Amino acid sequence: MAEAILQFEDVSLRFEDNLVLDRVNLTVNRGDTFILLGAAGSGKTVLLKLAMSLIQPSSGRIRLLGHDITDLKESELFEIRSEVGILFQEGGLFDSLTIEENVGYPLRNQKRLRAPEEEILTRVTESLEFVELGHTLDKFPSELSGGMRRRVGIARANVTNPKLSLYDSPTAGLDPITAHTIMSLIVKQRDLRKTTTVLATHRYQDGAMAANYQWDEATHDVVRAVPHGQYASLNTSFVVMKEGKIAFLGEQQQLEASRDPYVSQFVLHQPPPRIGPGGDRGHLPA
Amino acid sequence: MLDYLKSPVQSFQDFLILAGRSMRNVAKPPIYWNDILMQMDSIGVGSLPIVALIGAFSGIVMTLQMSRALETYGATSQTGQVVSISIIRELGPVLTALLVAGRNASGIASELGSMKVTEQIDAMRALGTDPIQKLVVPRLVATAIMQPLLTAIADFVGLLGGLIIAVTIIGNTANQYWSSAIDILALNDIAQGMTKPFVFAIVIALVGCFYGMRTTGGTQGVGLSTTKAVVVSSVWVFVIDVLITQIFVSLT
Ligand SMILES: Nc1ncnc2c1ncn2[C@@H]1O[C@H](COP(=O)(O)OP(=O)(O)OP(=O)(O)O)[C@@H](O)[C@H]1O
Ligand SMILES: [Mg+2]
């Protein structure tokens, strides 16, 4: 029996008169990759925030890492949250702190993770090198490009070695090359550290890449897990959100076969396959 | 009608919740001393020049306005009394509070507001810190310490401004002015003059934090919260001023 890392049971969320999530049910098991697709405003961000209890549901229950977090007090949540990494859509980097202080923030502030200062520095450097930004320690977020800030966000999310990593629209607003880099870092984190991953995005390519590519330490890049045209079984599930409801939940193959007009738009809105050699979905021609 | 009242009542309730949680956290560890000092610097030291300037002008203008009336009643020797009573009880605290509201409630609201819309506040909670403890309490403590000090400075500079007019235009001697200014002050006046800035400070800091932390709607929202913070905290300053004055008046 697979271990459930994150479970939503009949979760609804309402802001005043606006029903933002409508009876959402889902389960993320250890080792899964969960791709949340959906149009703007469909509820991806609120779903991720609910998962960490940064907002409370109006009804339903949420279980995270074996704890029912629905009614926990803020002080009781900190310890559970320290096992989860999150990359925020708007970045969430502290602009008054340096990159080093930003990435070290969870290590210095979470009781469970407190460590001696040298160890923190080692881990921060390691985490920044993981995203290939080892040289930016003393810079401030405003001095970095958008893509670099995303990478710092990934480093900060994963510096604690979380059991679950949540990424909110990590590739939004980035050029295709940078988006590919970001996605390969997410795959790298997932495969090297065995992190359960939930990824909200409106780009189907991101999902297809997470579903079919693996990190290859030898080439230091992502490679397809199975030949072109086949679906890898990397425990990847796709969820398509529509106005707060789950419009689809299943594997990539089922998603691509879906006849639902809303759902299939996410799949078809991609460059046609095989633009050039290696030009498969999710992978950019070199 | 009830619907129309729902949202302000709800807001006020949310404000009280924030106020309660902040007060409870003031003495609770961890206390972020660095943040408190930084806020004291930006709220206190940053406001000093403008507070001194306004203090001086209010003393000067007040004394000028009074001079004619005092002459009519042949009471020019009591210039010091009139100036010191009105500055210490009323003008110093209120003018300083309005300045702090304009300068710091807006600063706090826009700073926390931009942190809110860039999800830095969510990030704090996700990464193990309580934003009330880390952001609200230092601002609250710093304002509550600095504003009485700023008011004392404004009062003093205001009395100096009064002195200039009393000596040059009304024809008091400096001695006459000071002794009448100091002698009239009772403990009640000093208490009133220091209670006000302390209470104003709490309200201004909390209102700034409140509107900052509930900002939504991107950068536009930040502008909106900033404006609201200034307007609402200024209005509260007047309302509270009336209440405190009434309490002290009934005490004597
Ligand atoms: N604090 C809030 N107050 C009121 N409504 C909110 C709040 N946060 C989100 N909403 C509403 O919830 C709905 C879902 O928002 P959410 O941010 O989750 O969308 P999203 O799927 O992440 O969109 P995007 O792709 O643009 O990031 C939207 O209609 C939004 O207006
Ligand atoms: Mg979003």
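The values are calculated or read from the model by the stated rules, or taken from the named source; none is laboratory data. Remember, it's a predicted structure, so these values are computed and weren't measured experimentally. Counting neighbours? That spans all protein chains shown, and the Cβs are built from the backbone with ideal geometry, glycine included.
Annotations for the structure displayed:
- Within segment A:11-31, the set of residues being away from ligand 2 (no atom under 16 Å from the Cβ) and on the phi < 0 side of the Ramachandran plot comprises A:V11, A:S12, A:R14, A:D17, A:L19, A:D22, A:N25, A:L26, A:T27, A:V28, A:N29, A:R30.
- Count of residues meeting criterion [modelled with pLDDT of 90 or more, away from ligand 2 (no atom under 16 Å from the Cβ) and either away from chain B (no Cβ under 14 Å) or within 25 Å of A:A40 (Cβ to Cβ) (or both)] in segment A:162-175: 3
- Residues in segment A:1-57 that are among the acidic types (D, E) and within 13 Å of ligand 1 (Cβ to nearest atom): A:E16, A:D17, A:D22.
- Flag if A:F34 is touching a residue at least 12 places away in the same chain (Cβ under 8 Å), within 19 Å of A:A172 (Cβ to Cβ), away from ligand 2 (no atom under 15 Å from the Cβ) and of a type in the set (A, V, I, L, M, F, W, C): yes
- Failed condition for A:R123, given (1) at pLDDT 90 or above; (2) in a loop (DSSP other than H, G, I, E, B); (3) of a type outside the set (F, W, Y); (4) out of contact with any helix residue (DSSP H, G or I) (no Cβ under 6 Å at 6 or more places or on another chain): (2)
- Residue under evaluation B:V83, criteria (1) surrounded by fewer than 17 Cβ atoms within 10 Å (Cβ to Cβ); (2) of a type in the set (A, V, I, L, M); (3) modelled with pLDDT under 90, criterion not met: (1)
- For segment A:37-54, taking the residues that are within 11 Å of chain B (Cβ to nearest Cβ) and within 9 Å of ligand 2 (Cβ to nearest atom), the one that is surrounded by the fewest Cβ atoms within 10 Å (Cβ to Cβ) is identified as A:T45.
- Residues that are within 14 Å of another protein chain (Cβ to nearest Cβ), surrounded by fewer than 22 Cβ atoms within 10 Å (Cβ to Cβ) and more than 26 Å from the chain's Cα centre (by Cα) are absent from segment B:63-75 altogether.
- Condition check for A:S184: under 17 Å from A:A225 (Cβ atoms), more than 13 Å from ligand 1 (Cβ to nearest atom) and modelled with pLDDT of 90 or more: yes
- Only helices (runs of 4 or more DSSP H) whose full extent lies in segment B:59-141 are considered here, and the ones with at least 3 residues that are under 25 Å from B:V230 (Cα atoms) and of a type outside the set (S, T, Y) are B:92-100, B:106-117, B:120-126.
- When segment B:76-121 is filtered for residues that are of a type in the set (G, A, S) and over 30 Å from B:S179 (Cβ atoms), the ones remaining, listed by number, are B:A101, B:G102, B:A105, B:S106, B:G107, B:A109, B:S110, B:G113, B:S114.
- Filtering segment B:117-137 to residues that are more than 8 Å from chain A (Cβ to nearest Cβ) and surrounded by 24 or more Cβ atoms within 10 Å (Cβ to Cβ) leaves B:L135, B:V136, B:V137.
- Every residue from segment A:129-145 that is within 14 Å of chain B (Cβ to nearest Cβ) and either among the basic types (K, R) or out of contact with any helix residue (DSSP H, G or I) (no Cβ under 8 Å at 6 or more places or on another chain) (or both): A:S142
- Tally, over segment A:76-93, of residues that are among the β-branched types (V, I, T) and within 8 Å of chain B (Cβ to nearest Cβ): 2
- Matching residues, segment A:159-178, being more than 16 Å from A:F88 (Cα to Cα) and either within 16 Å of ligand 1 (Cβ to nearest atom) or hydrophobic (A, V, I, L, M, F, W, C) (or both): A:I177
- Of the residues making up segment A:94-128, those that are among the acidic types (D, E) and either within 14 Å of chain B (Cβ to nearest Cβ) or surrounded by 19 or more Cβ atoms within 10 Å (Cβ to Cβ) (or both) are A:D95, A:E101.
- Filtering segment A:200-229 to residues that are surrounded by fewer than 17 Cβ atoms within 10 Å (Cβ to Cβ) and among the charged types (D, E, K, R) leaves A:D216, A:E217, A:D221.
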